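Notes for the one structure printed next.
The values are calculated or read from the model by the stated rules, or taken from the named source; none is laboratory data. Remember, predicted model here, so these are calculated numbers, not experimental data. Here Cβ is always computed from backbone atoms with ideal geometry, including for glycine, and neighbour counts include all displayed protein chains. Only protein heavy atoms, including side chains, enter the accessible area calculation; ligands, DNA and RNA are left aside. Shrake-Rupley method; radii C 1.70, N 1.55, O 1.52, S 1.80 Å.
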Amino acid sequence: MKQRAIVIGGGLGGMAAALTLSPYYEVHLFEKNDWLGGKMQAIQLGAHHFDYGPNTLTMPRYFWETIAPFCDAQKELPFKKLQNPTHHKWAQYELTFTTNREKMQQQLAVIDEKSAQNYPAFLAEVTRLFQISEQAFLTKTFFSAKDYVSPTLAYRLLQAHPWKTLDAFLKSFFPHPAVRQLFGRFATYIGSSPYASPATFALIAYFELVDGTYYLRGGATMIAHVFEKLLKRQHVHLHLQESIEKIAIDDQRIVFCETTKQRYGADIVISDVDYAKMQQLLGRDEVTYELSTSAYVELIALKEPVSLHYHNVQFSSDYPAEFQALRLGTLPNEATVYSCYPFAADQQKKPALFVLINAPATTTIDLTLAKNQVERALKIWGIEETQIIGRHVIPPDYVAQTFNVAQGAIYGQASNTLRGSFLRPANRDRQLKNLYFVGGTVHPGGGSPIVVKGGYEVANRIILENSNCIKN
Ligand SMILES: Cc1cc2nc3c(=O)[nH]c(=O)nc-3n(C[C@H](O)[C@H](O)[C@H](O)COP(=O)(O)OP(=O)(O)OC[C@H]3O[C@@H](n4cnc5c(N)ncnc54)[C@H](O)[C@@H]3O)c2cc1C
């Protein structure tokens, strides 16, 4: 008989781990909601389809690598590269991202000649940062203290500008504040601030500006559908709407997990639950770390197509003030507004807008202020009230309630300190020998490709370390 692995949480991290373990374990995956994908959630408003959660898709190879043992990966997930993915607007300027270096330089030169000249050096440096981080962090799992004391890791970390903030790093290339705002926004991809997070996260620029930004016909949630199909094909036991409520421990091991319906014995347990909430479930002290941001979202159904790019950013006029407000737990008076308009590349579905502003991780925000920010951006983008036929507001509280997340902080601990960036919760529990952690709130961090990569790597290490007791 195969050993039994219990996976708690059917987000991308849990699904990636469950799929990778499936040839070797009898896998049971428990999800409190009635869908798989977690924050990657399809929402339908009448005939209009929306993807909540991930809309910016990067690094297809991390998804392909995880599903490749079970299917023809590129056929199942046919990512297509967007040529001009993200259009940015300020009061005085506009700029559209492209992986074409010359075209980026031409656009940067309109804002600032020096920034345009330094762009190739910036690209070379973010490529180097990505390569260091991929070797030292993204492909590594952290199971015990031993994993942290490797001299190679320390050496690589020192090469990755850990002491500089992202903004200070950007200043060394770009004298113009608008250009720093453009690239500093990458810190928000991990729910953090460009004025506090380490420069290492400039590596996110590699994803979009070197490797590219992608889309999938049918939307980002196609990823969750493909994982679900493969889990079923691999005979993973999927327990939807079945939340793990209790955990029983004996001799430093989890012996069973209990849901509202039943008890399930476990040989190993992999938690994809928000790390702070999992500690609560284990009956431990409350976790105290600075929380990453949450999000205020509006889903807007449009009557007819509009003139927008796939991704659109309307920048605020005072970026430092925006992050100061967020770190103080309030919404800024003027926020940067992001919107995703999949119709720009994929006309299969009705035209619809996913609009997001970063919000503090607190269950109460000023909803009127948030709505006003969205209104302002819609006006600038030329979208009239008469073009809107449906609207659904999703406050940060939704993240907290729906996905069982402490204060709705999407990425758990903020990456605004060295500790939050490089010493995220490890992938194996310190006390319980058969408990492992995956997902965006633990190492290596959040964002859909990184979460999938983390789930895949953790599962592979479990397989390797337990090869004695695993039966094929
Ligand atoms: C609004 C928003 C926009 C985003 N935009 C992007 C983007 O553009 N690009 C990108 O790459 N990433 C984006 N992300 C981040 C990305 O969605 C996450 O990093 C990733 O999906 C997290 O996956 P996960 O498996 O860690 O967690 P989750 O998706 O939260 O999965 C955890 C699952 O565990 C379940 N669960 C919790 N407790 C229990 C329990 N006790 N028993 C059973 N089940 C339980 C939850 O219901 C949930 O389904 C965005 C996220 C949000 C919210």
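Here are the numbers:
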item: Residue order for T364, T86, T330, T127 - accessible surface, 1.4 angstrom probe, largest first; result: T364, T330, T127, T86
item: Lys, Arg +1 and Asp, Glu -1 on Cβ, resulting dipole of the chain about Cα centre, debye, nearest 20; result: 820 debye
item: Partner lysines for K114 [C-alpha distance under 28 Å; skip if fewer than 8 residues away on the same chain]; result: K89, K103, K164, K171
item: Modelled FRET efficiency - R0 22 Å, E385 with L45, Cβ distances, 0.05 increments; result: 0.85
item: On Cα atoms only, tilt of 113-133 relative to the major axis of the chain in degrees; result: 0 degrees
item: Unit charges on C-beta of K, R, D, E only; dipole of the range 315-378, Debye; result: 240 debye
item: For the range 303-358, with +1 on Lys and Arg beta carbons and -1 on Asp and Glu, the positive-most of L353, Q324, Q314 along the dipole; result: L353
item: Difference of contour (0.36 nm per residue) and Cα-Cα distance, C469 to D251; result: 76.6 nm
item: Accessible-area ranking of L157, L302, L367, largest first, probe 1.4 Å; result: L367, L157, L302
item: Paramagnetic reach from E102 (point 7 Å along Cα→Cβ, amide N under 15 Å) across the range 112-131; result: 120
item: Whole-Å distance, taken between Cα centres, linking the range 92-106 and the range 287-342; result: 22 Å
item: Formal net charge of residues neighbouring E258 (Cβ-Cβ distance under 10 Å; K, R +1; D, E -1); result: +2
item: Radius 13 Å from Cβ of C340, net charge of other residues (Lys, Arg +1; Asp, Glu -1); result: -2
item: Simple Cβ-charge dipole of the range 94-211, Lys/Arg +1 and Asp/Glu -1, about Cα centre, in debye nearest 20; result: 300 debye
item: Enclosed volume per residue, in Å³, of the convex hull spanned by Cα atoms of the chain; result: 137 Å³
item: Stokes-Einstein D (µm²/s) once Rh is taken as the Kirkwood radius of the range 86-207 over alpha-carbon pairs, at 25 °C in 0.890 mPa s; result: 160 µm²/s
item: Accessible surface, per residue, of the chain when the full set of protein chains is kept, probe 1.4 Å, Å²; result: 41 Å²
item: Label-zone membership for the range 143-158, site L418, 7 angstrom Cα→C-beta point, backbone N under 17 Å; result: 148-158
item: Efficiency of FRET from Cβ geometry, D366 and K114, R₀ 35 Å, rounded to 0.05; result: 0.35
